[in-house]
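Colleague: I have a structure here, written as C-alpha cells, and I will follow up with some questions on it.
The values are calculated or read from the model by the stated rules, or taken from the named source; none is laboratory data. All figures in this text were calculated on a predicted structure; none of them were measured in a lab. Positions of Cβ are backbone-derived with ideal geometry, glycine not excepted, and every protein chain shown enters the neighbour counts.
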Amino acid sequence: TAANVPHVQGGCLAPVNLLHSLGAQALIAGGMGMRPLTGFHSVGITVFHHQGRRTAREAVESLIAGQLPQFGRQHTCGGGQDDHHGHGGCRH
C-alpha cells in the first residue's frame, strides 16, 4: 500500500512515477487523461479499464479471468481533447 501523491507534485505524471518506482506492472482504472495513460505505457505499466466493477476485489478477479480490456483512448476522459491534460469532464 502506498499513499496517493497530490496532483500538484508532478502533475499528471506523479502517479505514473510513483507506481513505476514501486514496481507496478499493471493498473486497473476507471478514468484518466491521455497524458497519464501515455506515461504508464512509456514505463511499461499496462492499464486495464474496470468496466464498471464496483469493488477492487471484483475488478482484480475480472482481470485474472481475462475479462477486462486494456485501457485505450476511448476510455480517456474527454478523449484527451478537452484540455491540455485530457481531463475533460472525467467522472469515472
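Colleague: Can you run down the residue pairs with Cβ atoms below 9 Å, 6 or more apart or on separate chains, where the first is in the range 54-66 and among the acidic types (D, E) and the partner is surrounded by 10 or more Cβ atoms within 10 Å (Cβ to Cβ)?
Modeller: From residues that are among the acidic types (D, E), the pairs are E58/H50; E61/R53; E61/Q67.
Colleague: Also: Go through the range 21-49 residue by residue and tally those that are closer than 21 Å to A3 by Cβ and not polar (S, T, N, Q).
Modeller: Residues flagged as closer than 21 Å to A3 by Cβ and not polar (S, T, N, Q) within the range 21-49 amount to 16.
Colleague: Sticking with this one: Among the residues of the range 19-43, how many are aliphatic (A, V, I, L, M), over 10 Å from the mean Cα position of the chain (by Cα) and either modelled with pLDDT under 90 or not in a helix (DSSP H, G or I) (or both)?
Modeller: Residues flagged as aliphatic (A, V, I, L, M), over 10 Å from the mean Cα position of the chain (by Cα) and either modelled with pLDDT under 90 or not in a helix (DSSP H, G or I) (or both) within the range 19-43 amount to 3.
Colleague: With the requirement that a residue be closer than 24 Å to R35 by Cα and outside any strand (DSSP E or B), what does the range 61-71 give you? Show your work before the answer.
Modeller: So in the range 61-71, the residues closer than 24 Å to R35 by Cα come out as 63, 68-71.
Once the filter is applied, which keeps residues that are closer than 24 Å to R35 by Cα and outside any strand (DSSP E or B), the range 61-71 yields L63, L68, P69, F71.
Colleague: Give the residues of the range 23-59 that are touching a strand residue (DSSP E or B) at 6+ places or on another chain (Cβ under 8 Å), surrounded by 15 or more Cβ atoms within 10 Å (Cβ to Cβ) and among the β-branched types (V, I, T), sorted by residue number.
Modeller: Selection gives I28, I45, V47.
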